[in-house]
Amino acid sequence: VITAGLSLPEQRYDTDAKQLAFYQAVLDNLATTPGVNAVAAGVPLPFSGNAGSSSFDIDGRPSPPGDPGPHGDIGAVSADYFAALKIPIRQGRVFTALDRAGAQPVAVIDDVLARQYWPGQNPVGQRLRRGRSAPWATVVGVVAHVKHSDLAGEDVKGKYYFPLFQMPMPFMSFVMRTPSDP
């Protein structure tokens, strides 16, 4: 697995559309490289030294005043991210090319987050959102938990992912899975 990260210059990539067009062009270009089995983009990558976490709301479960609500690590990833990193799908589906801006907002959660906030329930079809003004995203899948910073320690915080093409970022990491040096 080969990774590379970049930050886009604000002056040139000053809109979501410009950022997403750039990321799609990079993914398309990398996918045509001979010997490459899978290509994806995501932020943050495991063991990159970067991490993000955030509270979120669960539809139908209001948080009491002063309670930050459910909390988890957060990521924005392209459709082939889970395949490129060989993260198993436990339930439902992962993102597709159709999960773009303008489409129904969706999310994928890991099995730790599923156990934390939907114990004994099927989280697929439930809705969550990051921030009171954000649109509700439907949970379409559950994937295996991935350790992000320590192989030996217990990870107690689950993770939720949004499609990169519904949540653009000015910085990104790319992943190529290949059996040899392309």
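The values are calculated or read from the model by the stated rules, or taken from the named source; none is laboratory data. These numbers were taken from a predicted model, which means no experiment stands behind them. Note that we place each Cβ from the backbone using ideal geometry, even for glycine, and neighbour counts take in every protein chain shown. For accessibility, only protein heavy atoms count, side chains too; no ligands or nucleic acids. Shrake-Rupley method; radii C 1.70, N 1.55, O 1.52, S 1.80 Å.
For segment 80-182, the alpha-carbon radius of gyration amounts to 1.14 times the rule-of-thumb value 2.2 N^0.38 Å expected for a compact globular protein.
Running a GNM on the chain with Cα contacts under 10 Å, which residue among GLN121, GLN11, GLN104 ends up with the highest mean-square fluctuation? Top of the fluctuation ranking is GLN11. Once backbone amide H atoms are built at 1.01 Å from N, GLY5 has PHE174 as its partners under 5 Å, excluding neighbours fewer than 5 places away on the same chain. For VAL26, the accessible area of its heavy atoms, probed at 1.4 Å with every protein chain present, is near 30 square angstrom. Normalising the average separation of contacting C-alpha pairs (under 8 angstrom, six or more residues apart) by the number of residues puts the relative contact order of the chain at 38 percent.
Between ASP14, ASP67, ASP80, the Gaussian network model of the chain with springs among Cα atoms under 10 angstrom shows the greatest mean-square fluctuation at ASP67. Pick out which of PHE56, PHE171, PHE47 has the largest mean-square fluctuation in a Gaussian network model of the chain, springs linking Cα atoms closer than 10 Å. Among PHE56, PHE171, PHE47, the largest GNM mean-square fluctuation belongs to PHE47. With the convex hull of its Cα atoms as the shape, segment 1-109 has an orientation-averaged projected area of 9.5 nm². Of the solvent-accessible surface of segment 85-125, computed with a 1.4 Å probe over protein heavy atoms with every protein chain present, carbon and sulfur atoms account for 55 percent.
Averaged over residues, the count of other Cβ atoms within 10 Å places the peptides 124-137, 156-169 in the sequence 156-169, 124-137, highest first.
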